[in-house]
């Protein structure tokens, strides 16, 4: 009825517009099933392509940073064998996306051709005026291309919204606590002692909040004490450090440093007050002096003094530019032991009261290990040290040993007292090192207890 009315109003051209609008509506309607099927498939293929790129790019980045090591050990073929499956997976997802586009484009063209064919057949049978049919076919072919392009771009737009979906997921990630809090300004010299207290601390990670990692952990570390943290894999050693730096907030309980609840502090104040020496030492691009004193608060003589304490004065003095010697990205022009000792020098220069060591001597040479041990014994008096260690010779002479088992604090006592207990975690770990080394560790613990 509507079509007849329009034809009556608009005459000859109205009749053409009415008929063509009818066919355009039918053509668009016929495209929707193909579009719906294509979009659902292409969107998932786009997501798969994005996911397959991540391991490939990570592998390329890691390989480029370790080219010297790979070539030195002749591991090119092994890394190539790891790379090729990642490339294949990425290419497979990309090829499937291209095939899906070809599939959809072919169906669109076939549908358009069928609609044009229907118009031609109507003209051949005399149902429509031949001039109208000719004009409609000409316009229809052009409009078919435009409609195909529009629908293809519509599918690409919906597929690319996967990126927006991922951005939305990142935006919803919970933020850390504020970097600065009002209380920070009232604690200019905090911490001045270095005491640490855990009060009934429970902790779990956000990805699995029901699984407790630390369970009712309570202890007090006095100022200047050196405490080694031991336990088997998964016992909660690293998780305890995460709570201390507030990388993960405790579910309940409190952590106090010099009597101050760290949950009330800004993250910048907390983290700049605790020195961290990781297992793999990283230096920044610049000079030796800029790495030791980035804020330029100390004199050159003070820097030379701390280099003397860690046993690096002679080495640095022998360099052409001495304190102004260039440090490459990551400190690659220094050995692992020298990088660790430079970090120890930085701690002494800042006069830190609280230091966390994470396997600080596990990847260094024998001489550097000896210098680190001497530095800890002689120069770190008055500094509270927390050391997560697997090498027990480093902590056997410490003041206390803290033993964790599946997130529960099992023991906290002197090394000598723990070695006297048959079932202590520390004794079990010492005995597992072998009879000869166990005797040596017993001697270290006995000497430290005197």
Yes/no for residue 418 being under 19 Å from residue 236 (Cβ atoms) and not in a strand (DSSP E or B)
yes
Note on the range 339-378: residues in a loop (DSSP other than H, G, I, E, B) and at pLDDT 80 or above are 351, 352, 353
Taking the range 258-293 and keeping residues under 19 Å from the mean Cα position of the chain (by Cα) and within 27 Å of residue 200 (Cβ to Cβ) leaves 267, 271, 276
Would you confirm, using the coordinates I've provided, whether residue 332 is exposed (fewer than 15 other Cβ atoms within 10 Å of the Cβ), assigned to a loop (DSSP other than H, G, I, E, B) and without any contact (Cβ under 8 Å) to a residue 12 or more places away in the chain?
yes
By my count, strands (runs of 3 or more DSSP E) wholly in the range 152-231 with at least 1 residues that are surrounded by fewer than 16 Cβ atoms within 10 Å (Cβ to Cβ) and not assigned by TED's automatic domain parsing to the domain that holds residue 49 are 196-203, 214-221
Take the range 379-415 and flag every residue that is crowded, with 19+ Cβ neighbours inside 10 Å and part of a helix (DSSP H, G or I).
392, 394, 415
Please indicate, with yes or no, whether at least one residue in the range 210-227 is without any contact (Cβ under 8 Å) to a residue 24 or more places away in the chain, more than 27 Å from residue 378 (Cα to Cα) and within 23 Å of the chain's Cα centre (by Cα).
yes
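Results for (1) in contact with a strand residue (DSSP E or B) (Cβ under 9 Å, 6 or more places away or on another chain); (2) over 17 Å from residue 372 (Cβ atoms); (3) outside the structural domain of residue 369 (by TED's automatic domain parsing), shown as yes or no for each residue.
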site: 286; (1), (2), (3): yes, yes, yes
site: 291; (1), (2), (3): yes, yes, yes
site: 308; (1), (2), (3): no, no, yes
site: 313; (1), (2), (3): no, no, yes
site: 319; (1), (2), (3): no, yes, yes
site: 325; (1), (2), (3): yes, yes, yes
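The values are calculated or read from the model by the stated rules, or taken from the named source; none is laboratory data. On a predicted model such as this, the values are computed, not experimentally measured, just so you know. Counting neighbours? That spans all protein chains shown, and the Cβs are built from the backbone with ideal geometry, glycine included.
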